[in-house]
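Here's the structure, in structure tokens; my notes come after.
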Amino acid sequence: MSSRLIESILGGGDDLSQLHRRVVRVGAAAAWCAAAFFMVGYVVGGDEAMLLEALGPALAAGLMTAQILLKAENGGVALFGSAVVVLALHSVIGGPRTDLPAALALVVICAVGVLLVESRQATVMTLLGLGLFFAPQIWDSPAWPNLGLVMTLSFAMTSAIFLSLRAAASSLDTRYQMLFESSPAAMMEENWSEALAYVKEEYTGRPDRIESFLLAYPAVVRRAVDKTMIIRVNQAAIDLLEARSAEDLVGPRAGAKVADENIEAYASALATAYRGEKSFARDMPVRTLKGRRIWIQARGVDTSTREPASTILVGLADVTHIKTRQEAMTELVRAKDEFVAKVSHELRTPLTAVLGLTTEMSAMEPMSPEERAELLGLVTDQAQEMSNIVEDLLVASRAEIGTVSIHTRVVDLEVELQSAIEGLGVQVAEVPDSIPEAYADPGRVRQILRNLLTNAMRYGGPGIRVLSGAVDRFVWLEVRDDGEGVPDDQANTIFEPYSTAHHGVKGSVGLGLSVSRQLAELMRGSLTYRRDLDESVFRLELPIAGDSDRASPLHRVCAAG
């Protein structure tokens, strides 16, 4: 509380111009009050001496008022002029009864004047003390030298008090400056007083409804933002907002540049000031001066000692990484919820078929061997579909906990490809005449081929082809189809878990391609996608088998990722 009082009276030690303004304005007000007091005494008592005594304060008040009107406030000129007026008039028209008011005026003027002295204060105080001691002798006061001694001692005590207060204010201001400028946190000092006054003109209702009013009238918010001012910023704020210097940030804001998504944040801050609350906190997206979009957390505290909202300190923190993580988690939860719904649907479809077919087979009606064989084939197909879905789910779950079992040995890719084609019943227009052997896990290879062929059946065109070859130390298989392919903006996401570029397609769980790539990489191969003219191409590469591989089959549990 004491520091705020000191700041309110004297201002910061480094803000000498502000101190000059206050000295002139307070002095003008005091001089006019003194002149008015003498004029009232003249009017009430009819004493002409009171009229003459009003002349001195009136002249001093006129001098300081002229400085205010000309916006050239100088405390030294005002005080020196006032002291000359007091000495001159009291010497001419003063008397014993006005000795004490004149002495008090000179003491106060000199004590305040000391505040404006930046160097050689001891010399100046000594000279002023001597001047005050001999002042009563100049105007032939019978109370000299006693009055002179009292004036000198009073001046010394008053000056000491004023200088102590100024030193305290200066120390506080210096520490504040150091904390502000050297703080590693981004900070701004802002003035919202005009914005607050404007909002109070526009809204006179209940304080608890101010935010609803501002949200209903965003134009009012933008006009209020036009009246806010950034006073100063520290280096951390300059770096955060990617400005070249403080000049790029300091000055009035532009309400027209406030994005619609930030109206709520500014409305909340204005409502906080309107209700007289001292602090607010809000997250909001902004663009740096280089155009980069970031999320910041703004925490403001109103430290004003005079006009409300005139000094608001705002701390800024970059929370982009937190927002990005939150958005990623939200998207992951959404994707998994969608995935669970798809899995439930895909498992229910073959399960319903199995239950229906087995129920029909167990019915009492006679059934021919051909019909029973057909139904058993359908049950087998549906059970295999469920088995394939469950197998992908098992691989995905094991990958999430960090282990997937791989049994590598020499694999005849022709056999595995034919098995996958026959198991799915897919029509393939072209298959390779011969395929080099690979060193891999046959079950995992079959799982990959099944997923690639299933993907072509569901999303591709009718023309499905399989090509093969060898390059370097790898054998490759390409599953091609003449469908439309994956949209360009989703080509990089089709291998992500729970992702599919073809929404609403029956059987789309969103794990097949992700699981297939993981398995290929765990077998030291790769799975990629590209568009080749009018065909979509999924290329599987696996290590080619050599003589050493035939002699040493390998079992390992691999960490996924």
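The values are calculated or read from the model by the stated rules, or taken from the named source; none is laboratory data. Bear in mind that the values here come from a model prediction, so they are computed numbers and not experimental data. Cβ coordinates were reconstructed from backbone atoms using ideal geometry, including for glycine residues, and neighbour counts include every protein chain displayed. Surface accessibility is based on the protein's heavy atoms, side chains included, excluding ligands, DNA and RNA. Shrake-Rupley method; radii C 1.70, N 1.55, O 1.52, S 1.80 Å.
Which one is modelled with the lowest pLDDT, of the residues in the stretch 351-373 that are aliphatic (A, V, I, L, M) and over 20 Å from M386 (Cβ atoms)?
Taking the stretch 351-373 as the starting set, the residues that turn out to be aliphatic (A, V, I, L, M) are 351, 353-355, 357, 361, 363-364, 367, 373.
Subsequent filtering for residues that are over 20 Å from M386 (Cβ atoms) retains 363-364, 367, 373.
Details: A363: 68, M364: 55, M367: 70, A373: 77.
This residue is M364.
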Residue count, the stretch 235-250, condition more than 10 Å from T288 (Cα to Cα), touching a residue at least 40 places away in the same chain (Cβ under 8 Å) and in a loop (DSSP other than H, G, I, E, B), comes to 2
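Considering the stretch 287-312 alone, what residues qualify as being part of a loop (DSSP other than H, G, I, E, B), among the aliphatic types (A, V, I, L, M) and on the phi < 0 side of the Ramachandran plot? If you could, list the steps in order and put the result at the bottom.
As a first pass, look at the stretch 287-312 and keep what is part of a loop (DSSP other than H, G, I, E, B): 288-292, 303-311.
Now drop any that are not among the aliphatic types (A, V, I, L, M), which leaves 289, 309.
Result: L289, single match.
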So which pairs qualify, if the first residue must be in the stretch 430-454 and closer than 12 Å to L540 by Cα, the second must be hydroxyl-bearing (S, T, Y) and at pLDDT 90 or above, the Cβ gap must be under 8 Å, and the two must be at least 6 apart or on different chains?
none
Options A66, A78; residue that is buried (at least 18 other Cβ atoms within 10 Å of the Cβ), without any contact (Cβ under 8 Å) to a residue 60 or more places away in the chain and among the aliphatic types (A, V, I, L, M)
A78
Check D226, D239, D248 and return the single one that is out of contact with any Leu (no Cβ under 8 Å at 6 or more places or on another chain) and loosely packed, with under 14 Cβ neighbours inside 10 Å.
D239
Can you pull out every residue in the stretch 81-109 that is farther than 16 Å from G129 by Cα, open to solvent by less than 60 Å² (accessible area, probe 1.4 Å) and not hydroxyl-bearing (S, T, Y)?
G81, V85, V86, A88, L89, H90, G94, G95, D99
Give the residues of the stretch 504-534 that are modelled with pLDDT of 85 or more and hydroxyl-bearing (S, T, Y), sorted by residue number.
S516, S526, T528, Y529
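Would you tally the residues in the stretch 30-45 being crowded, with 16+ Cβ neighbours inside 10 Å and more than 59 Å from the chain's Cα centre (by Cα)? Don't jump to the end; show me each part of the working.
From the stretch 30-45, those crowded, with 16+ Cβ neighbours inside 10 Å are 30-32, 34-35, 38-39, 41-42; that's our starting set.
Checking the rest, the ones that are also more than 59 Å from the chain's Cα centre (by Cα) come to 38-39, 41-42.
Summing the residues that are crowded, with 16+ Cβ neighbours inside 10 Å and more than 59 Å from the chain's Cα centre (by Cα) in the stretch 30-45 gives 4.
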Is it the case that the stretch 324-335 has a residue that's farther than 30 Å from Q382 by Cβ, open to solvent by less than 50 Å² (accessible area, probe 1.4 Å), modelled with pLDDT under 90 and out of contact with any strand residue (DSSP E or B) (no Cβ under 7 Å at 6 or more places or on another chain)?
no
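Say whether the condition of being under 26 Å from G460 (Cα atoms) and either open to solvent by less than 40 Å² (accessible area, probe 1.4 Å) or modelled with pLDDT under 85 (or both) is met by at least one residue in the stretch 398-413.
In the first step, residues of the stretch 398-413 are kept if they are under 26 Å from G460 (Cα atoms); the result is 413.
Add one more test, that the residue is either open to solvent by less than 40 Å² (accessible area, probe 1.4 Å) or modelled with pLDDT under 85 (or both), and what stays is 413.
Within the stretch 398-413 (the criterion being under 26 Å from G460 (Cα atoms) and either open to solvent by less than 40 Å² (accessible area, probe 1.4 Å) or modelled with pLDDT under 85 (or both)), the answer is yes, since at least one residue qualifies.
Give the stretch 105-129 a look and list any residue that's touching a helix residue (DSSP H, G or I) at 6+ places or on another chain (Cβ under 8 Å) and not β-branched (V, I, T), or say none.
First pass over the stretch 105-129, keeping only residues touching a helix residue (DSSP H, G or I) at 6+ places or on another chain (Cβ under 8 Å): 105-118, 121, 124-125, 128-129.
Matches in the stretch 105-129: A105, L106, C110, A111, G113, L115, L116, E118, Q121, M125, L128, G129.
Could you check the stretch 431-489 for strands (runs of 3 or more DSSP E) lying wholly inside it with 1 or more residues that are over 24 Å from R409 (Cβ atoms) and in contact with a strand residue (DSSP E or B) (Cβ under 7 Å, 6 or more places away or on another chain)?
On the way: elements: 438-440, 464-471, 474-481.
Here the list reads 464-471, 474-481.
Given the structure, is D248 of a type in the set (D, E, K, R) and under 20 Å from the mean Cα position of the chain (by Cα)? Full working, then the answer.
Details: of a type in the set (D, E, K, R): yes; under 20 Å from the mean Cα position of the chain (by Cα): yes.
In short, yes.
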For the stretch 442-474, which residues satisfy the criterion of being at pLDDT 90 or above, buried (at least 21 other Cβ atoms within 10 Å of the Cβ) and of a type in the set (D, E, K, R)?
none
Lone unmet requirement of (1) surrounded by fewer than 17 Cβ atoms within 10 Å (Cβ to Cβ); (2) modelled with pLDDT of 75 or more for E48
(2)
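So, in the stretch 142-160, how many residues would count as being without any contact (Cβ under 8 Å) to a residue 12 or more places away in the chain and either crowded, with 18+ Cβ neighbours inside 10 Å or within 60 Å of the chain's Cα centre (by Cα) (or both)?
Pass one, the stretch 142-160, residues without any contact (Cβ under 8 Å) to a residue 12 or more places away in the chain: 144, 146, 153, 157, 160.
Next, from what is left, pick out any that are either crowded, with 18+ Cβ neighbours inside 10 Å or within 60 Å of the chain's Cα centre (by Cα) (or both): 144, 153, 157, 160.
Total meeting the criteria: 4.
When the residues of the stretch 305-323 are narrowed to those that are of a type in the set (D, E, K, R) and in contact with a Ser or Thr (Cβ under 9 Å, 6 or more places away or on another chain), which ends up surrounded by the fewest Cβ atoms within 10 Å (Cβ to Cβ)?
Within the stretch 305-323, the match that is surrounded by the fewest Cβ atoms within 10 Å (Cβ to Cβ) is R306.
Considering only the stretch 295-308, how many residues are more than 16 Å from A185 (Cα to Cα) and either among the charged types (D, E, K, R) or modelled with pLDDT of 90 or more (or both)?
Filtering the stretch 295-308 for residues more than 16 Å from A185 (Cα to Cα) gives 302-308.
Applying the additional criterion that residues be either among the charged types (D, E, K, R) or modelled with pLDDT of 90 or more (or both) yields 302, 306-307.
Number of matching residues: 3.
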Neighbours by Cβ (under 7 Å, 6+ apart or cross-chain): first from the stretch 459-485, in contact (Cβ under 8 Å) with a residue 12 or more places away in the chain and among the hydroxyl-bearing types (S, T, Y); second assigned to a strand (DSSP E or B) and open to solvent by 40 Å² or more (accessible area, probe 1.4 Å)
S468/W476
